[in-house]
1. From the list Arg140, Arg131, which residue is touching a residue at least 60 places away in the same chain (Cβ under 8 Å), of a type in the set (D, E, K, R), surrounded by fewer than 17 Cβ atoms within 10 Å (Cβ to Cβ) and farther than 18 Å from Ala66 by Cα?
2. Residue pairs, Cβ under 8 Å, 6 or more apart or interchain, first in the stretch 53-74 and over 18 Å from Asn93 (Cα atoms) and free of Cβ contacts under 8 Å to residues at least 40 places away in the same chain, second among the acidic types (Asp, Glu) and part of a helix (DSSP H, G or I). List them.
3. Among the listed residues Gly10, Gly53, Gly103, Gly62, identify the single one that is surrounded by fewer than 19 Cβ atoms within 10 Å (Cβ to Cβ), at pLDDT below 95, within 18 Å of the chain's Cα centre (by Cα) and more than 20 Å from Arg132 (Cβ to Cβ).
4. Determine which single condition Thr117 fails, assuming it passes every other condition in (1) in contact with a helix residue (DSSP H, G or I) (Cβ under 8 Å, 6 or more places away or on another chain); (2) under 14 Å from Leu31 (Cα atoms); (3) not small (Gly, Ala, Ser).
5. Could you grab me the full set of residues in the stretch 122-135 that are assigned to a helix (DSSP H, G or I) and either in contact with a Ser or Thr (Cβ under 9 Å, 6 or more places away or on another chain) or modelled with pLDDT under 95 (or both)?
6. Restricting attention to the stretch 69-100, and to residues there that are aromatic (Phe, Trp, Tyr) and under 16 Å from Leu34 (Cβ atoms), which single residue is surrounded by the most Cβ atoms within 10 Å (Cβ to Cβ)?
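The values are calculated or read from the model by the stated rules, or taken from the named source; none is laboratory data. Remember, predicted model here, so these are calculated numbers, not experimental data. Cβ sites come from the backbone with ideal geometry, for glycine too, and all protein chains shown count toward neighbours.
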Amino acid sequence: MKKLLLVALGALLVLPLLPVKAQAGQFGNLLIELETSVNFSAQTNQWRARRSGWISEVRAAGSNLAALKRLLIEFETNVNYSAQVSNWSQRRNAWIARVNSAGSFQELGNEMIEVETSINYSAQTSSWRSRRAGWINRVRMATN
């Protein structure tokens, strides 16, 4: 009986952690998917050298919300202003503040969607238009 009780208690302690890890893994995959939607010509020259390391860091971030915040901001920093909507430069500082203050994957997901909306379609791959709505839905489902 004690053994069964210990197993049940152990399961209860682990279960609350599973959704956070699942959210984190999904968030990282969705962030990488967003990055791959942006044409290289719309990104900074430095990004080409940094990109593979950045992808590895996103995958390794796991449930580290602070690391994923930093990586989201780093991605956005390497998108050229010319590839973004005209008012993004005025909105960017407030966006960075919201990313840095995000206390959950839901909040960070909202900020990831916002940065996606700042990127002009012309700066994204031709297939992104047909994938975008599904991506937004997956971000919302993964972070709620």
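1. Details: Arg140 fails: touching a residue at least 60 places away in the same chain (Cβ under 8 Å).
Matching residue, one of Arg140, Arg131: Arg131.
2. Trp54/Glu35; Trp54/Glu74; Ile55/Glu35; Ala67/Glu57
3. Values: Gly10 fails: within 18 Å of the chain's Cα centre (by Cα); Gly53 fails: at pLDDT below 95; Gly103 fails: at pLDDT below 95.
Step by step, each of Gly10, Gly53, Gly103, Gly62 is checked, and only Gly62 is surrounded by fewer than 19 Cβ atoms within 10 Å (Cβ to Cβ), at pLDDT below 95, within 18 Å of the chain's Cα centre (by Cα) and more than 20 Å from Arg132 (Cβ to Cβ).
4. Here Thr117 meets the rest and fails (1).
5. First, pick out the residues of the stretch 122-135 that are assigned to a helix (DSSP H, G or I): 122-123, 128-135.
Passing the criteria: Ala123, Trp128, Arg129, Arg131, Arg132, Trp135.
6. So the first thing to find is which residues in the stretch 69-100 are aromatic (Phe, Trp, Tyr), and the list is 75, 81, 88, 95.
Of the ones still in play, those that are also under 16 Å from Leu34 (Cβ atoms) are 75, 88, 95.
Details: Phe75: 22, Trp88: 19, Trp95: 17.
Within the stretch 69-100, the match that is surrounded by the most Cβ atoms within 10 Å (Cβ to Cβ) is Phe75.
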